[in-house]
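So the structure is just underneath, and the comments pick up after that.
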Amino acid sequence: RTVRDQRITAYHEAGHAVTMHYLETADPVHHITIIPRGRSLGTTWSQPVQESSHLTRNEMLDELVTLLGGRVAEALVIGDISTGASNDLDRATSLAKSMITRYGMDETIGLATYGTNTGFYGTGKEYSETTATAIDEAVKAQLKTAYDRCEAILTEHRDQLDRLAEYLLEHEKIDAEGFNKLMEA
């Protein structure tokens with residue numbers, strides 16, 4: 001790995017972690033590493049305080065913000081974006097789409113579910129192009145709102161983002177205790 005790759009990875013993971021730290025419903029950071037494992041160049045793990053069978057709308061909205069933390073950190077600090085967020089973007093898009101099409105969590109689309117049946121009239125198509133366009137727009141809006149929230153958090157706490165990334169560049173990993181101490185400094 002190049003120094004450039006390590007720096008991008010450090011800021012990417014720090015972006016996830018700092019964002020998690022400031023979101024009301026996010027699980028606490030458990031461990032962060034920038035040591036590559038498999039296809040992953042780094043990972044930020046969280047650990048739930050208590051197990052729950054239900055996810056609320058606010059928890060899902062906060063999860064969208066967390067998922068975008070790496071991409072936003074790269075854009076803020078590096079001034080460019082990388083391919084490192086591809087899995088995060090897949091997961092964020094899937095979550096936003098599920099909120100809108102499966103869970104009825106978007107006022108503009110409403111309470112109906114879309115994409116869960118085999119279709120109507122034997123066409124295999126369950127909803128109109130107008131509805132498909134509305135769903136696409138709602139997904140984009142949801143992701144934009146999450147991106148903006150994330151950007152506000154990381155801009156406000158840029159000093160902690162930098163401090164955590166520098167720590168990761170030097171030590172390659174940090175546990176929950178070390179992370180919390182660093183965030184309090």
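Estimate the FRET efficiency between E129 and T108 by the formula 1/(1 + (r/R0)^6), using the beta-carbon distance for r and 25 Å for R0, to the nearest 0.05.
Details: r = 16 Å, r/R0 = 0.65.
Once rounded, the FRET efficiency stands at 0.95.
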Working from the alpha-carbon coordinates of region 10-64, get Rg over Rh, Rh being the Kirkwood radius.
1.01
Give the accessible surface of region 8-135 per residue, rounded to a whole number of Å², with probe radius 1.4 Å and ligands, DNA and RNA excluded.
56 Å²
According to the Kirkwood expression over distinct Cα-Cα pairs, how big is the hydrodynamic radius of the chain, in Å?
17.5 Å
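Gain in length, D90 to D5, computed as 0.36 nm per residue apart minus the alpha-carbon separation, to one decimal in nm?
On the way: separation 85, 0.36 × 85 = 30.60 nm, distance 2.12 nm.
Answer, rounded to one decimal: 28.5 nm.
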For N58 and L76, compute 0.36 nm times the residue count separating them, minus their Cα-Cα distance, and round to one decimal in nm.
4.0 nm
Treat each spin label as a single point 7 Å out from the Cα along the C-beta direction, and report the E24 to E170 distance in nm.
3.6 nm
Considering the Cα trace of region 138-185, what is its radius of gyration and what is Dmax, both in angstroms?
14.0, 41
Pick out, from Y167, Y114, G70, the residue whose Cα sits farthest towards the positive end of the charge dipole of the chain, with +1 on the Cβ of Lys and Arg and -1 on the Cβ of Asp and Glu.
Y114
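Can you compute the FRET efficiency between E137 and R163 using 1/(1 + (r/R0)^6), with r the Cβ-Cβ distance and R0 = 45 Å? Round to the nearest 0.05.
Values: r = 38 Å, r/R0 = 0.85.
The computed FRET efficiency comes out at 0.70.
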Take every Cα-Cα distance within region 38-106, group them into 10 Å bins from 0 onward, and report for each bin the whole-number percent of pairs it holds.
17, 44, 31, 8
K173: which aspartates and glutamates have alpha carbons under 16 Å from its alpha carbon, excluding same-chain residues fewer than 8 sequence positions away?
D5, E13, D162
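The values are calculated or read from the model by the stated rules, or taken from the named source; none is laboratory data. Because the structure is a prediction, the values reported are computed rather than measured. Positions of Cβ are backbone-derived with ideal geometry, glycine not excepted, and every protein chain shown enters the neighbour counts. Heads up: the accessible areas ignore ligands, DNA and RNA and are worked out on the full protein's heavy atoms, side chains in. Shrake-Rupley method; radii C 1.70, N 1.55, O 1.52, S 1.80 Å.
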